[in-house]
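Where a number appears in this text, it was derived from the coordinates with a stated rule and is not lab data. It should be emphasised that the depicted structure is a prediction, and the values quoted were computed from it without experimental measurement. Glycine also receives a Cβ, built like all others from the backbone with ideal geometry; neighbour counts cover every protein chain displayed.
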Amino acid sequence: MIIFSFGLALRVQRQQLLGPRAPDRDHSRLSRRPDPTGRDATASLIGPAIASAGEKISGKITVSASVFRQGLNGIFLEVSGKSAVDTAGCAEEQILNCSQTDADDGVGCENDDEEPVAMIEESRSGNEAANSNDSDWSMDCSTVVRVKTLHISSPILAAKSPFFYKLFSNGMRESEQRHVTLRINASEEAALMELLNFMYSNTLSTTTAPALLDVLMAADKFEVASCMRYCSRLLRNLPMTPESALLYLDLPSSVSMADAVLPLTDTAKQFLAARYKDISKFQEELISLPLAGIEAILSSDDLQVASEDAVYDFVLKWARAQYPKLEERREILGSRLGRYIRFPYMNCRKLKKVLTCNDFDHDLASKVVLEALFFKAEAPHRQRMLAAEESACMSRRFVERSYKYRPVKVVEFELPRQQCVVYLDLKREECENLLPSGRVYSQAFHLGGQGFFLSAHCNLDQQSLSQCFGLFLGMQEKGSVTFSVDYEFAARSKPTEDYTSKYKGNYTFTSGKAVGYRNLFAIPWTSFMAEDSLYFINGILHLRAELTIRH
């Protein structure tokens, strides 16, 4: 088997530029005087190399750099590898334009004597490499070196990168040594060259998402914040797909949490949340999504779900599919996913099941259920205060989503008769959206083992032929059961803001039947929704229904 390898030498020769220095940066150590000692320093990049034809090679990548401290003249970058055969010589020139600089960095190329920035590749034979005075290259077979020469301005690199600033100004320990080492993978070489090009031209030649991500990672590694912002902006402008969004969310935390990258990750989260907001519609697709994608979706306030109970059921289904082992599942639910379930908006029957669910740690389950019950017991204004305090938090556990079925507060009595009092609050905007013929349903509540619900309607009054607000009580379909119930509807109104009874009656329910009033307040819709309406208190319509089982 023949193993090919090559060495690549990047020679970076400093030019004496007289451009302005970056504001708020100390370049006092970046001397333009020649080094009387003639010393230089070397840096090496250790990692697997890749041949230009695509073959994998073995060996190490060595970058020797004449580090620019006081008295030194430039940087020399060399990449070496092992080779079993010689390679034909080659020559190649690439021009890097340094006519543009980052205005924020305040560094320019103002020296008319400076030569164009260029990269020149050349090769030398194995004997020439062996006879070179670089004693650090210990190769057990002939070496082929391709040299690239770059004329650069160390103030430009130093101004754009704290990493290079430290390197050039004795900020790093290696700058005092003859040999310094930079460790990168060979796969990073193309991204590094793009990064260096950007530091001169403020542009990138690459336009694909994978290549831009590579440059973004290199920019983070070498602390070039302006390039990170540039890559982030380009990636945000590319068409977003579920695959690319998940790729952005999978970036290392050191990168994804950087200020320059946060707009990109936020855009990816918003894309996933908008695409999968109806989780019941995408159940099969969502089950295969990774954790970061699920977190982005569950954090949204705009999920189109019937109730928070549906969110809880989905989270358990996903966790059981992705983490078959109970201990791992408990860990991920406790440390990552549990925070996105808004337990205070689950109904009490479901909360009882949480306490006995083996997937949750018992102490955690007890804590979230107790917290949910305390929240339900709070007065509405206190609940709104808690939600406002939580609005800036990641979990937002007290913030209500846009549920298809509106949450209700229920008080149950067993004696002297089976009875329940149900409170339903509707926002003014929700009522406005009912016009001209809409309806909104409450979550189910139970009395005597039977499920009921409330529904608010925008109806057409048969007498006045105008729209009006109606309220109905329905029984969920469950076999052929009949149920006799006394009921009363009430609403809070100004100026006392007390609940005032509107209608009462009795009804024998059968499955799927409902009873109610088409015009609860006996006024037209326009009067009901007017700014001076008696029934909206701080923008909320407060409704109450009392149900009592007849014996």
Within the stretch 369-466, DSSP-loop GluC sites (Glu not before Pro) with at most 14 other C-beta atoms within 10 Å are 414
Rg from C-alpha atoms of the stretch 405-549, normalised by the globular rule of thumb 2.2 N^0.38 Å, equals 1.04
Once normalised by the length of the stretch 256-317, the mean sequence separation of its alpha carbon contacts under 8 Å that are 6 or more apart gives a contact order in percent of 33
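If one computes P(r) from the Cα atoms of the stretch 268-308, what percent of pairs lie at distances over 16 Å?
24
Quick check: net charge around residue 292, other residues with Cβ under 15 Å of its Cβ, Lys/Arg +1 and Asp/Glu -1?
0
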In this structure, among 353/376; 409/494; 166/221; 160/221; 350/404, pairs with alpha-carbon gaps over 20 Å are 409/494
Volume per residue (Å³) of the convex hull spanned by the alpha carbons of the stretch 276-390 is 104
Per-residue Cβ contact counts at 10 Å, fewest first, order 468, 227 as 468, 227
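Taking a quarter of the surface of the convex hull around the Cα atoms of the stretch 224-299, what do you get in nm²? If you can, show how the numbers build up before the last one.
Values: hull surface 19.6 nm².
Seen from a random direction, the Cα hull of the stretch 224-299 projects 4.9 nm² on average.
Starting from the Kirkwood Rh over alpha-carbon pairs, what translational D in µm² s⁻¹ does the stretch 166-315 have by Stokes-Einstein at 20 °C and 1.002 mPa s?
Reported coefficient: 123 µm²/s.
Can you pull out the trypsin sites (Lys or Arg not before Pro) in the stretch 387-475 that DSSP calls coil and that have at most 11 other Cβ atoms within 10 Å?
Within the stretch 387-475, the qualifying trypsin sites (Lys or Arg not before Pro) (loop, at most 11 other Cβ atoms within 10 Å) are 417.
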Neighbour-count ranking for 393, 231, 458 (other C-beta within 10 angstrom, fewest to most) reads 393, 458, 231
